[in-house]
Amino acid sequence: MQSPDLSRISDTLAEAQRTGAAVDQFGDDLTLDDAYTVQRTLLDRRRAQGARYLGPKLGFTSRAKMAQMGVDEVIVGWLLDDMRIPAGGVLSLDGLVHPRAEPEVAFRLGRAVDFDGPDDDIVHAVDAVAPALEIIDSRYRNFTFSLPDVVADNTSACRFVIGEWQPATATTEVANLDVVLSLDGRPVEHGSTSAILGSPWNALRELVPIARRYKFELHDGAVILAGAATAAASIAAAANVKVELQDLGSVTLDLEAGTSRAGGR
Ligand code: OOG
Ligand code: MG
């Protein structure tokens, strides 16, 4: 097996992320470790260009997401300040490939996580929780990929919106909360936060060994997305997205139509 050219793959994905022109999947030669290496290269470049790392995001923490995408392992990507849209803000679909929205639970750390401590330490480091909305946009044609493909492409991360933070401690109940994703006022996905590995707290516990292995910083103030509780919904024809999270509140985003250059939806 010929080892893949990771710098070529990084260049290809960086260009696709910048322009919204879809690319082909990289195929079977890419290992998961290679994929995290590519992902890190893309992060380092964006930081060198001035973007600030806000924290990690988890993917495939619910059956609904795994079934929708045919992938069954928890993955992690990064969030930057320039990917964040204020609650109630506007997203232009220009330059995006085939964006989808998903409902998320966000956590904030009140201190750095001790990587030498137990994986559970992260739960005690959390100081706030918020309803959130993620816009994912795979840079691969037809929104299809293998596990290494999607990891290399920063787990399809594109934009995100965080609602109002509420103080939280390790005993705050975040499981069994109803989740509704609506497009233009019409509910399109309905679920429960217990679909996220039994509880979003478990998503954090699963994050720690991956963060340790692939060197994701879990600093004081880090923002973490726990992964969608429901399948994602295409927003190509929508003008407004809303996520409602029982007891935690809601978050909305307005969409501005763009001239799509999608490589196929
Ligand atoms: C990968 C992103 C998965 C989630 O919340 O599960 C993710 C994808 O579905 O393209 O963000
Ligand atoms: Mg997500």
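The table for this structure:
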{"quantity": "Residue ID - nearest to Met66 (Cα to Cα), chosen from residues in segment 148-191 that are away from ligand 2 (no atom under 16 Å from the Cβ) and among the hydroxyl-bearing types (Ser, Thr, Tyr)", "calculated": "Ser182"}
{"quantity": "Selection from segment 101-112 of residues that are buried (at least 24 other Cβ atoms within 10 Å of the Cβ) and either at pLDDT below 95 or not small (Gly, Ala, Ser) (or both)", "calculated": "Glu102, Pro103, Glu104, Val105, Phe107"}
{"quantity": "Unique residue being touching a helix residue (DSSP H, G or I) at 6+ places or on another chain (Cβ under 7 Å), near ligand 1 (Cβ under 9 Å from one of its atoms) and assigned to a loop (DSSP other than H, G, I, E, B) when the list is Val71, Val113", "calculated": "Val71"}
{"quantity": "Among the residues listed as Val223, Val241, the single one being within 16 Å of ligand 2 (Cβ to nearest atom) and either among the acidic types (Asp, Glu) or within 15 Å of the chain's Cα centre (by Cα) (or both)", "calculated": "Val223"}
{"quantity": "Qualifying residue in segment 138-148 (condition: within 15 Å of the chain's Cα centre (by Cα) and surrounded by fewer than 23 Cβ atoms within 10 Å (Cβ to Cβ))", "calculated": "yes"}
{"quantity": "Subset of segment 84-110 (residues that are within 16 Å of ligand 1 (Cβ to nearest atom), in a strand (DSSP E or B) and either without any contact (Cβ under 8 Å) to a residue 12 or more places away in the chain or not aliphatic (A, V, I, L, M) (or both))", "calculated": "Arg84, Arg100, Glu102, Pro103, Glu104, Phe107"}
{"quantity": "Top-ranked residue of segment 39-57 - restricted to ones that are in contact with a helix residue (DSSP H, G or I) (Cβ under 7 Å, 6 or more places away or on another chain) and within 16 Å of ligand 1 (Cβ to nearest atom), ranked as farthest from Pro103 (Cα to Cα)", "calculated": "Leu42"}
{"quantity": "Segment 177-188 - residue that is closer than 14 Å to Glu104 by Cα and more than 18 Å from the chain's Cα centre (by Cα) and, of those, surrounded by the fewest Cβ atoms within 10 Å (Cβ to Cβ)", "calculated": "Asp178"}
{"quantity": "Given (1) of a type in the set (Asp, Glu); (2) farther than 27 Å from Ser194 by Cα; (3) surrounded by 12 or more Cβ atoms within 10 Å (Cβ to Cβ); (4) in contact (Cβ under 8 Å) with a residue 60 or more places away in the chain, number of the condition Asp28 does not satisfy", "calculated": "(3)"}
{"quantity": "Hits in segment 226-260 (condition: of a type outside the set (S, T, N, Q), in contact with a Pro (Cβ under 8 Å, 6 or more places away or on another chain) and at negative phi)", "calculated": "Ala226, Ala228, Ala229, Ile235, Ala236, Val243, Glu244, Leu245, Leu248, Val251"}
{"quantity": "Residues located in segment 120-137, provided they are away from ligand 2 (no atom under 16 Å from the Cβ), among the charged types (D, E, K, R) and within 21 Å of the chain's Cα centre (by Cα)", "calculated": "Asp127"}
{"quantity": "Residue list for segment 33-62, restricted to those being within 16 Å of ligand 2 (Cβ to nearest atom) and either part of a loop (DSSP other than H, G, I, E, B) or modelled with pLDDT under 95 (or both)", "calculated": "Phe60, Thr61"}
{"quantity": "Hits in segment 138-150 (condition: of a type in the set (A, V, I, L, M) and either in a loop (DSSP other than H, G, I, E, B) or more than 9 Å from ligand 1 (Cβ to nearest atom) (or both))", "calculated": "Leu147"}
{"quantity": "Selection count where residues are in contact with a strand residue (DSSP E or B) (Cβ under 9 Å, 6 or more places away or on another chain) and of a type in the set (S, T, N, Q), scope segment 28-45", "calculated": "1"}
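The values are calculated or read from the model by the stated rules, or taken from the named source; none is laboratory data. Source: prediction; values computed, not measured. Don't worry about glycine lacking a Cβ; one is built from the backbone with ideal geometry, like all the others, and counts go over all protein chains shown.
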